[in-house]
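I have placed the structure first, in the form of structure tokens, so that the comments after it can refer back to it.
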Amino acid sequence: MSDAVPQAPVNERVADPTQPARFPAGETAGGAPPLVAQGLHRTYRGVAGPELRILRGVDFTLNWGEAVAIVGASGSGKSTLLHLLGALDRPSAGSVRVGGTDVAALSEEEAAELRNKRIGFVFQFHHLLRDFTALENVMVPALIRGDSPKAAELRATALLGQVGLGARLGHKPRELSGGEQQRVAVARALVNEPYILLADEPTGDLDTATSRDVQDLLFEMKERHGVALAVVTHNRELAAKAERVLRLREGVLDNV
Ligand SMILES: Nc1ncnc2c1ncn2[C@@H]1O[C@H](COP(=O)(O)OP(=O)(O)OP(=O)(O)O)[C@@H](O)[C@H]1O
Ligand SMILES: [Mg+2]
């Protein structure tokens, strides 16, 4: 695998983000926003303790190309909500629609395919595969999608170049700094050209200067790839970079 960065094989998202013509017919029928959640409830049933009613009617719309920050006290249910929005978990009641598709109507396999193709995730801890290089980590979602190894390598190489890691392709996670690991995670999140990027405390594990770099990268990549971003954070500086800030409190989401 060479260190050379090929000429932009990743599609540049310069088209009008309100015209998502590149998605399968029907998926965004009627101009559906990338993500709409209505009346979301999530209750955890304690084995010994009482029921925990964490989300109690959350309504949320993420529009094409926008960035929304979700803040709230620790334990308020931000990660719970993000998991529902990303079709990683199912609500106790209410609905999540991704590009107009009701997640509840999908089988586990179909939900996995939807996540793979339409949603990029960045978590507080990078969750990179430790025995794989940066390049291989970024290639994984593309290979899962069915891309050829060559195509996956080209796209992953280009993305790692965009996140400033063109010279670190062969490094394993332990051979990268915390900030670099998060950069790989951002590249991996975008390799399949999703239209939604969900981030949960993406800078929570980084020092102030590195946190700033990763914040800037996140917004730069959001613009470059035309994705809609929902980011959960305790970091005020990061929240302030979003167009809207919503607060989760007592199970509902309100404008700040
Ligand atoms: N799988 C689970 N089973 C039972 N309770 C859970 C489960 N996941 C989360 N909880 C509880 O739900 C509440 C919300 O958790 P969540 O992780 O969503 O909070 P958070 O807002 O992301 O907090 P933080 O800012 O600390 O990350 C917590 O009280 C937690 O203990
Ligand atoms: Mg959390």
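Note on the chain: Rg/Rh from Cα positions, Kirkwood definition for Rh, rounded to two decimals, is 0.96.
Estimated translational diffusion coefficient (Stokes-Einstein, Kirkwood radius over Cα pairs, 37 °C, 0.692 mPa s) of the stretch 193-256: 262 µm² per second. Dividing the summed helix terms, -39500 (n - 2.57) for each DSSP H run of n ≥ 4, by the number of residues in the chain produces a 222 nm estimate of -9500 deg cm²/dmol to the nearest 500.
Calculate, for ARG174 and GLU223, the FRET efficiency according to 1/(1 + (r/R0)^6) with r their C-beta to C-beta distance and R0 30 Å; round to the nearest 0.05. Don't skip to the answer; put the middle values down first.
Working: r = 31 Å, r/R0 = 1.04.
Here the calculated transfer efficiency is 0.45.
Within the shell of other residues whose beta carbon sits under 9 angstrom from the beta carbon of PHE123, the net charge comes to -2, with Lys and Arg scored +1 and Asp and Glu -1. Ranking ALA112, GLN215, VAL140 by Cα position along the charge dipole of the chain, where only Lys, Arg, Asp and Glu carry charges on their C-beta atoms, puts ALA112 farthest toward the positive end.
Basic side chains Lys and Arg get +1 at the Cβ, acidic Asp and Glu get -1 at the Cβ, and with that the dipole of the chain about its Cα centre reaches some 300 debye.
In terms of surrounding Cβ atoms within a 10 Å radius of their Cβ, ILE54, ILE144, ILE70 rank from fewest to most as ILE144, ILE54, ILE70.
Across the stretch 108-256, Cα-Cα pairs more than 25 Å apart make up 26 percent of the total.
Where does the charge balance sit around ASP254 when Lys and Arg score +1, Asp and Glu -1, over other residues with C-beta under 13 Å from its C-beta? Result for the local shell: +2.
Take the chain and mark each of the trypsin sites (Lys or Arg not before Pro) that is in a DSSP loop with at most 14 other Cβ atoms within 10 Å; the longest unmarked stretch, sites excluded, is 131-256.
Simple point charges give the picture: +1 on the Cβ of Lys and Arg, -1 on the Cβ of Asp and Glu, and for the stretch 72-205 a dipole about the Cα centre of about 240 debye. Each of ILE196, SER79, ALA152 was placed along the dipole of the stretch 17-255 (beta-carbon charges, centred on the mean Cα), and the one lying farthest toward the positive end is SER79.
Coordinate-derived values only; no laboratory data. Source: prediction; values computed, not measured. For neighbour counting, all protein chains shown are included, and Cβ atoms are generated from backbone atoms with ideal geometry for every residue, glycine included.
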